[in-house]
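The values are calculated or read from the model by the stated rules, or taken from the named source; none is laboratory data. Computed from a predicted structure; not experimentally measured. We place every Cβ from the backbone using ideal geometry, glycine too, and count neighbours over all the protein chains shown. Each accessible area value is taken on the protein alone, full model and side chains, heavy atoms only, with ligands, DNA and RNA left out. Shrake-Rupley method; radii C 1.70, N 1.55, O 1.52, S 1.80 Å.
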Amino acid sequence: MFERSGEQQMLVSNVRDAVERDVEPILQNYGKEEPLSKADVLDVLSVFSEVGLLGRDIPEEVGGAALDHTTWARMFEQLPMQTDLVTMISSETARMIHTAGTDRVREEYLGPLLRGEIVGCAGISEPGVGSNPREIETIAEKDGDEWVINGTKTWISNGQIADVAVIVADTPKGKTHFLVDADTEGFDRQRLEMLGRRYDHMGQLYFDEVRVPEAHVVGSLGDALDRTYQSFELGRANVALLGVKTAQNALDAAIEYANDREQFGKPIGEHQLVQRLIAEGATYVDAARLLAYRALDHFDNGHRAATEGAMAKWFATESAVEVTSNAIQIHGAMGLSRELDVERYFRDAKMLTIPEGTTQINKLIIARDLLELSAFR
Ligand SMILES: Cc1cc2nc3c(=O)[nH]c(=O)nc-3n(C[C@H](O)[C@H](O)[C@H](O)COP(=O)(O)OP(=O)(O)OC[C@H]3O[C@@H](n4cnc5c(N)ncnc54)[C@H](O)[C@@H]3O)c2cc1C
């Protein structure tokens, strides 16, 4: 990768120190697939708040870290996997509230989110609505000076533990973002168990006559889809980083094993077909990282990055599946054993090919840009 500036080196090393000193001791109390308790999540978030990971590009005068996205990404790459998504999503929720929340909502929720005192989540997907948010069925109806929300949101990262959710609901004026406090009557949730990333807090959210004040409209009535599509561009670069981290972990494990394990009287790393897997894996990881940082660099220079984000997302997550699968191959049966981490990396990688646009949807976005023809109808 490109050389880090002195300031970036300092920020990255602050994160490494914080992880080693304050976060690893918490993680030692958990199995590698076990979700952290809410109290421990908050402790971890407050540590990451101190080093600027929650504040990201939000201005310092409102409690943010005023970082550029590429610097944030270098810091983010240092996070243990049990803590990365919860940090990313809480920070994204803070960014949404900072950019489009009313004064009242910012006063109440922005500071606590940025300080890691509460957890955020964002709800678009529903049981009947995935790749096409235009079909969102959750409804918000005006009643006096309140909105009444009914519907279900599913596959929501942080959903099981979030204190605050920014969700999209349909109104007579179109799809609109609403902030819902998890303490509101009529709000309920359940944890969802998945193939991989079992340490995450994925949840399904239920809204049964949930009443929120007018001040909880985030943005303007009817503008949620535009802002959702725009936020996906950065979200895709973020998920690409998760893919890079997962693949890098698997590649590191494969290199170590290929040096240690001997067959036919020499380390398996001396067999040319094993070398091929290592060489391809390293190339995938580097190419994925470069695509992710290129997309983030676009944001740092004030540009949109629909195509760049889509390229980074599909390539990094599919590469992660390939690299983790080949890491299993290099480990032989040990790669399939629960004794090592490699099979978990494979399951974790597969999880990433779905959110922020599936691989297929991201390819349609890229082709739409190149062809100026849309397959979305
Ligand atoms: C780890 C993880 C985290 C997530 N976090 C969140 C979150 O925080 N908030 C949230 O709102 N949602 C979240 N989601 C949900 C995610 O956004 C959806 O799963 C995703 O948008 C796909 O929707 P779906 O699963 O309903 O699949 P579907 O949309 O039903 O798609 C099923 C299959 O059909 C294909 N397909 C669909 N339409 C087309 C088309 N036009 N052309 C070609 N192929 C098509 C898809 O590529 C896929 O292979 C998360 C999901 C995962 C796995």
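A few comments on the model shown:
- Check on residue 47, in a helix (DSSP H, G or I) and under 19 Å from residue 65 (Cβ atoms): yes
- In segment 56-65, the residues that are open to solvent by less than 30 Å² (accessible area, probe 1.4 Å) and not charged (D, E, K, R): 58, 64, 65
- Residue 194 satisfies every condition listed in (1) farther than 30 Å from residue 317 by Cβ; (2) of a type outside the set (Gly, Ala, Ser); (3) open to solvent by 30 Å² or more (accessible area, probe 1.4 Å); (4) in contact with an Asp or Glu (Cβ under 9 Å, 6 or more places away or on another chain) except (1).
- Flag for residue 74 being touching a residue at least 60 places away in the same chain (Cβ under 8 Å), more than 16 Å from residue 180 (Cα to Cα), out of contact with any Asp or Glu (no Cβ under 7 Å at 6 or more places or on another chain) and buried (at least 20 other Cβ atoms within 10 Å of the Cβ): yes
- The residue that is surrounded by the most Cβ atoms within 10 Å (Cβ to Cβ), counting only those in segment 15-55 that are in contact (Cβ under 8 Å) with a residue 60 or more places away in the chain and polar (S, T, N, Q), is 49.
- Segment 56-75, residues that are under 20 Å from residue 293 (Cβ atoms) and in contact with a helix residue (DSSP H, G or I) (Cβ under 6 Å, 6 or more places away or on another chain): 56, 66, 68, 69, 70, 71, 73, 74, 75
- Subset of segment 349-377 (residues that are over 16 Å from residue 315 (Cβ atoms) and within 9 Å of the ligand (Cβ to nearest atom)): 351, 375, 376, 377
- Test: residue in segment 189-201 that is closer than 15 Å to residue 140 by Cα and away from the ligand (no atom under 14 Å from the Cβ): no
- Residues satisfying the stated conditions in segment 197-217, i.e. in contact with a Pro (Cβ under 9 Å, 6 or more places away or on another chain) and open to solvent by 70 Å² or more (accessible area, probe 1.4 Å): 198
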